[in-house]
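The values are calculated or read from the model by the stated rules, or taken from the named source; none is laboratory data. Note that the structure is a prediction, hence the values are computed from the model and not measured. Using ideal geometry, Cβ is built from the backbone for each residue, glycine included, and neighbour counts are taken over all protein chains shown. These area figures cover heavy atoms from the full protein model, side chains too; ligands, DNA and RNA do not enter into them. Shrake-Rupley method; radii C 1.70, N 1.55, O 1.52, S 1.80 Å.
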Amino acid sequence: MSAYIVFTRERLRDQTEMDTYSKMAGGTLAGHEAKPLVFYGKSETLEGAPIEGAVIIEFPTIEAAKAWYDSPAYREARQHRFLGADYRAVIVEGV
């Protein structure tokens, strides 16, 4: 069953760190069955605190999503995201 990693950026803190993350993150999907569906498009908050942007990536399973998220390449890249902004990230199983 498909799974989706949903990232929501709540607050940018360091653009330089986010620039580094952006340069690294895309390449970490190589070798993983992943399909980016949303990448910081126009958004409107309907409930809760507003967000600065969202990314949604589709994977074939939750295990595949976790394998990418915990891969050495993405672990290295995400450190820059941790330093650059406040995010929420969840994995959601599809129907």
Next on the checklist: Take Met18 and tell me if it is more than 24 Å from Glu93 (Cα to Cα) and in contact with a strand residue (DSSP E or B) (Cβ under 7 Å, 6 or more places away or on another chain).
Outcome noted: yes
Checklist entry - Only one of (1) among the small types (Gly, Ala, Ser); (2) assigned to a helix (DSSP H, G or I); (3) without any contact (Cβ under 8 Å) to a residue 24 or more places away in the chain is not met by Gly27, so which one is it? => result (3)
Next on the checklist: I'd like to check something: does the range 4-24 contain any residue that is among the small types (Gly, Ala, Ser) and open to solvent by less than 70 Å² (accessible area, probe 1.4 Å)?
Outcome noted: no
Checklist entry - For the range 33-95, which fully contained strands (runs of 3 or more DSSP E) count at least 3 residues that are in contact (Cβ under 8 Å) with a residue 40 or more places away in the chain? => result 53-59, 85-93
